[in-house]
Structure formats: C-alpha cells, structure tokens
Amino acid sequence: MNVFYPDARAKLVGARPDFQHIEVVATNSRDADKSASGQSKPGTGWSKLIDADTIESEIKRISPELAKATKSPSEFKSGGFKDCRRDFSVLAALFAVDAEYDGEVRWQDVAPGLRDAFARAGHNCKAASDQTFQEAAQRRQDLGDLIAGNRPKTTTAVRRADWSTVADRPPLMQRLNIAHQDRLTKWLATKTEFAAHRDDVKTEAQLAATIADIIGHEGYEYWDDESYAKFARSLRQAASDVAAAVDADNYEQAQQANNRMSKACIDCHEGFRG
C-alpha cells in the first residue's frame, strides 16, 4: 500500500543530507590531481609540465630527423629504422599529450589520429623491411604536410590515450637520456653554457619531465611498483625544477635540480632496467 505524507520531512529521522557537500566532494574526487600519498598523479594537467610551444617545437624538430632516416631504403635498413622507432614513439607520446592538453595547443583536432598513426609506426619500426620503410616514409610525409599547414587524413580516435599502446618505454628512455645526459648536463656544466642555452635547457627539461610522467602511467612496466613510481616522480619533479630555474634565471638552482635528475636515474637503474 502506497502512503503519501503532506510533508515527508516531518516523518524523517536524523539530519538531512548535505547534498551541496556531496556534490563538492564528487567534483573534487573527479578533478583531484593528487594521489593518496600526496603526489601528483601521472598526466594530471600537462600544462604544468610542458608548454604548448615546447610540444610544437619538438614535433617540428623531429621532421628533418625522420627525413634523413627515411631518405632511402638502404639508409633506413642500415640503422635509420632505430632512429625512426625512437622519433615515432616520441611523436606518438607528444600527440597523446597534445590531444589531452589542458590549454591552447596546435593540432589538437587531429592529435588523436596522429597519435595512433605514429604509435603504429613506432612499434613496427622495431624491424627493418620494405613494408616498414614504406610506412615510415608515409608517416614522415604526413608530418611534413602537417607542419606545412595541411591536415593529413587520419582515422577517428578517442581523445584519451591508452598509454600502454602509445609508445614503448625503451625509445622514450632513449630520448630522456638525450635530454639529460647529452644536453642538460652539458649545458649546465658552466654558467656560460647555461646562459648560451637557456631556452634549450627549458625545452629539454620540460620534455624530460613529460617523459618521466608518461612512463609512470598504467600499462608501463613496473608502473605499479612503488619504488619505481617514486623514482619516476622524483625525476619528473627534478626536471620541472630545472625548467623553473630557467624562468628564474638561476643557474645554481638549475644545476642542483639536474644533479637530482642524475641521482634519480642512477638509483632507478640499480633496480629497474629495460
């Protein structure tokens, strides 16, 4: 039997729910960028790690590198395929970030499709063959067309990346090593080098911070190992501190942060490889 009361509140027992509080808690839960440990979660607010200009400049920088590696089948098969694997993997990661970017950034409308296309090319370039050369040459042409102002044809793809399929960890670590050992450590060796390469230091530091964040995503090897996750977070923070030191024009802070990057890498390599 259904019973109706003129005022149901008169029959209820206990305090009324605070629906406004519930809504705020739910919103904060969805938007929180902190984990239970107080550390930032991977991929929350890409603009905190990398500027839109850095994404664009690195994508453009890779184009002539790919042109060289895919100049001919012989160039590709004699070692160019290894460079292509690294560069396509980095491109896939950058377009994944571009697609999810929390700010204005170029090429976001086609970023999901390009992410998937470059991801496939990166995975396939583990081996050198006529087929993988043709794919690499086509993706290089797509990138050139994009930079020239055209929109290459891409398949429809979701904006959020499945990071386990975007890029393998080894080629990303190769790019991270270039950023840290080959460039940052050299440019932060003296105050003169720092002054001469300030913009480059910031670019490489932001790329390093972004890669350190990416390799902590679910799907990457060791992602759920707390020790590994701690090393990745430490590396990300140190790289971000290098970039911040450039903004503050503080050489000593940049050098100290780069030393922390070195420590995080050494400590991580003692227990985790690959």
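The values are calculated or read from the model by the stated rules, or taken from the named source; none is laboratory data. Note that the structure is predicted; figures quoted are calculated from it, not measured. FYI the Cβ positions are ideal-geometry reconstructions off the backbone, even for glycines, and counts take in every protein chain you see. The accessibility values were calculated without ligands, DNA or RNA, using every heavy atom of the protein model including side chains. Shrake-Rupley method; radii C 1.70, N 1.55, O 1.52, S 1.80 Å.
When the criteria are applied in full, Ala189 fails the requirement of being part of a loop (DSSP other than H, G, I, E, B), free of Cβ contacts under 8 Å to residues at least 60 places away in the same chain, open to solvent by 40 Å² or more (accessible area, probe 1.4 Å) and under 19 Å from Arg86 (Cα atoms). Residue count for the range 213-232 satisfying the condition of being out of contact with any helix residue (DSSP H, G or I) (no Cβ under 8 Å at 6 or more places or on another chain) and in a helix (DSSP H, G or I): 3.
Of all positions in the range 237-252, at least one carries a residue that is among the aliphatic types (A, V, I, L, M), farther than 21 Å from Asp53 by Cβ and assigned to a helix (DSSP H, G or I).
Looking at this structure, is Phe76 hydrophobic (A, V, I, L, M, F, W, C) and without any contact (Cβ under 8 Å) to a residue 40 or more places away in the chain? Judged against the criteria, Phe76 is not a match. Scanning the range 139-158 for residues that are at pLDDT below 95 and surrounded by 13 or more Cβ atoms within 10 Å (Cβ to Cβ) gives Arg151, Pro152, Thr154, Ala157. Could you tell me whether any residue of the range 149-158 is among the hydroxyl-bearing types (Ser, Thr, Tyr) and in contact (Cβ under 8 Å) with a residue 60 or more places away in the chain? No: zero hits. If you scan the range 212-260, which residues turn out to be under 18 Å from Arg175 (Cα atoms), of a type outside the set (A, V, I, L, M) and in contact (Cβ under 8 Å) with a residue 60 or more places away in the chain? Those that are under 18 Å from Arg175 (Cα atoms), of a type outside the set (A, V, I, L, M) and in contact (Cβ under 8 Å) with a residue 60 or more places away in the chain: Asp213, Gly216, His217, Arg233, Arg236, Ser240, Asn258.
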